[in-house]
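Take a look at the structure below.
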Amino acid sequence: MSNVFQKYKEITFLIVDDFSEFRLSLKQMVESFGANTIDVCIDADSAIERYSEQYHDVLLVDYNLGDGLTGLQLLEELNHRKLLKAGTSFVLITGETAMDLVMGALEYRPDDYLAKPFTRTTLKQRIDKLVELNLQLKPIFHEVNNGKPNKAIAMCDQIMQQNRRVALTCMRIKAELLLKETRYVDAASVYQTVIAKKELNWALMGFANCLNGMNKLSDAILVCQNIINRNKNALEAFDLLAECYINTGDYDGAFSTVKMAAERSPNSIPRQRMQAKLALRYHDYELAFNSTKKLIQLAKHSCLILVEDYINQLIICSTIHYCSGSALSRRAAKEYNTTYRELNKRFNSVQSALCIEIHKSFCNFKANKENRSELQQNLLRAKNLPDPQQSYLVDLINFIIKACEDSEIAELANDVIALSNTQLFTQNNMQKSDDYNRQGMVKYKQKSYPEAVAAFKTALTNSPDNPNIALNLLQSYYKQLKESTTTTHDNTIYRLCHRALQKLPPSDHRYNQSQVLLAHVKAIIKGIS
């Protein structure tokens, strides 16, 4: 018994709950295990501050935290800020039983999930397992937290040999580290080793991510379909399947897949974002309107909100208002002022503010065709921006081109975004993109970097939202710039890559590499300039 109590004396806890009685009860339970260091917080903001100071071993977090972030959004925020240390156990506690809330909780992958009410014995059994596992894996987590992924991978191999009981967990961590380092072939090999013994969903999902990273989209689609056939609630597989469908030009498949996933778990910001865009594409105005409303509601306190979410809401509402003839037209128009206000409150950048002015002047123009000068002036401001036009600004201007029904305005708008605008994505574009991407890979292996850049640039132009091709282009361009003695550079390449990569969330295994490459290329370009 003394060994058990001694173990808990070394474990630090953070309890986050806005209900004082439950907070006290939970603290007393943990104290009875032998824990000495127990911090408590009543909301997510104070929890983030306290955790960043202490880096606790175990977080016990209630789902409902009153106003502000929920317990899930706290987990989301810690990951987004890269604060959550490897080896920290995040336990979500909730009394919610609604299926959408339960599914949402599970897909954010806390280390454990406790439904109220629970006993002291149940809590201790759960924490015992987490603490014991983390102690055995501590050397791996130490290397990860020190930013040494290769050493962490080697440590996985070492611990696997020493302790067969945690071998499977070590293989999972190793594969995830390899995937995060974009070592797709090596990661796929680990996942396939696991799958050969037993088709575990996490291994199948990791393998599908590897195939997607290697641009083997047809194979990735088959694996995702297999996962979904085995588990209808495998939401990560639904999301990747939809992404693969989009990257192969199969928007029908993407739309049906996203709708099925959103029905099972509607509280996902990226999922509602994709559903809103696809619904608009297929003129399902009610679904587009409801999805973007749901997205904004979910993102009220979330770190996952993007400028483009508010711009897309303006585009969707404007399409319904001016172009659809829908019964939703009046309701959609009432969203404008709220969207302006929230956009200014959350971001208030030069280009987001300009988007608001462009949209206001567009609405004035639609109300009275004589009010064209203000819209023209705002479009010219977009043309003369000192920085590259953001994709959301381009999207708004593209919408105006389609909706203005005025050749003079359309001609000016087309001229404004001539450098930033790319071709509409079609199946022909997809085939061309795939062909040139393969050519680029061959040239890159031959170290013919200028030819690789030219091929990848053509591929990305024809598939402008494909982050894998953007990474290929960026890596090749970086190599070319490093070896080149020329004093010129191609700004279009940086813009294309930035547009394709800016939507990657920090949790994506490609995020770190993309940010490093973008920074390196930008620094070299500035040096040339």
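Could you count how many residues in region 272-291 are hydroxyl-bearing (Ser, Thr, Tyr) and either closer than 15 Å to Cys317 by Cβ or modelled with pLDDT of 95 or more (or both)? Result for region 272-291: 2. Scanning region 377-407 for residues that are over 21 Å from Asn348 (Cα atoms) and surrounded by 17 or more Cβ atoms within 10 Å (Cβ to Cβ) gives Asn398, Phe399, Ile400, Ile401, Ala403, Cys404, Asp406. Checked against the criterion of being outside any strand (DSSP E or B), within 29 Å of the chain's Cα centre (by Cα) and surrounded by fewer than 20 Cβ atoms within 10 Å (Cβ to Cβ), the candidates Glu31, Glu49, Glu77 yield just one match: Glu49.
The rows are residues; the columns are (1) β-branched (Val, Ile, Thr); (2) more than 22 Å from Ala86 (Cβ to Cβ); (3) open to solvent by 80 Å² or more (accessible area, probe 1.4 Å).
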residue	(1), (2), (3)
Arg165	no, no, yes
Lys180	no, no, yes
Gln192	no, yes, yes
Asn231	no, yes, no
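For region 323-352, give me each residue that is among the charged types (D, E, K, R), loosely packed, with under 13 Cβ neighbours inside 10 Å and within 22 Å of Lys402 (Cβ to Cβ). Residue satisfying the conditions is Arg330 alone.
Each row is one residue, and each column tells you yes or no for (1) of a type in the set (Lys, Arg); (2) buried (at least 21 other Cβ atoms within 10 Å of the Cβ); (3) in contact with a Gly (Cβ under 9 Å, 6 or more places away or on another chain); (4) closer than 26 Å to Gly325 by Cβ.
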{"site": "Tyr251", "(1), (2), (3), (4)": "no, no, no, yes"}
{"site": "Val258", "(1), (2), (3), (4)": "no, yes, no, yes"}
{"site": "Glu263", "(1), (2), (3), (4)": "no, no, no, no"}
{"site": "Asn267", "(1), (2), (3), (4)": "no, no, yes, no"}
{"site": "Arg271", "(1), (2), (3), (4)": "yes, yes, no, no"}
{"site": "Gln275", "(1), (2), (3), (4)": "no, yes, no, yes"}
{"site": "Leu278", "(1), (2), (3), (4)": "no, yes, no, yes"}
{"site": "Arg281", "(1), (2), (3), (4)": "yes, no, no, yes"}
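Identify, by number, the condition in (1) of a type outside the set (Asp, Glu); (2) open to solvent by less than 50 Å² (accessible area, probe 1.4 Å); (3) touching a Lys or Arg at 6+ places or on another chain (Cβ under 6 Å) that Phe141 doesn't meet. Failed condition: (3).
Restrict the check to region 211-222 and report whether at least one residue is modelled with pLDDT of 95 or more, under 28 Å from Ser433 (Cα atoms), of a type outside the set (Asp, Glu) and open to solvent by 10 Å² or more (accessible area, probe 1.4 Å). Yes: one or more hits. Inside region 191-248, residues that are out of contact with any helix residue (DSSP H, G or I) (no Cβ under 9 Å at 6 or more places or on another chain) and among the polar types (S, T, N, Q) make up a count of 1. Any residue at all in region 123-137 that is over 23 Å from Ile11 (Cα atoms), at pLDDT 85 or above and touching a helix residue (DSSP H, G or I) at 6+ places or on another chain (Cβ under 9 Å)? No, every residue in region 123-137 fails to be over 23 Å from Ile11 (Cα atoms), at pLDDT 85 or above and touching a helix residue (DSSP H, G or I) at 6+ places or on another chain (Cβ under 9 Å).
Of the residues making up region 11-28, those that are of a type in the set (Asp, Glu) and either in a helix (DSSP H, G or I) or out of contact with any helix residue (DSSP H, G or I) (no Cβ under 9 Å at 6 or more places or on another chain) (or both) are Asp18, Glu21.
Residues of region 293-321 that are hydrophobic (A, V, I, L, M, F, W, C) and without any contact (Cβ under 8 Å) to a residue 60 or more places away in the chain: Leu295, Ile296, Leu298, Ala299, Ile305, Ile316, Cys317, Ile320. Considering Asn344, Asn364, the condition of being touching a helix residue (DSSP H, G or I) at 6+ places or on another chain (Cβ under 9 Å) and without any contact (Cβ under 8 Å) to a residue 12 or more places away in the chain is satisfied by Asn364 alone.
The values are calculated or read from the model by the stated rules, or taken from the named source; none is laboratory data. Since the model is a prediction, treat every value here as computed from it, not as a measurement. Note that we place each Cβ from the backbone using ideal geometry, even for glycine, and neighbour counts take in every protein chain shown. Accessible surface is based on the protein model in full, side chains and every heavy atom, while ligands, DNA and RNA are left aside. Shrake-Rupley method; radii C 1.70, N 1.55, O 1.52, S 1.80 Å.
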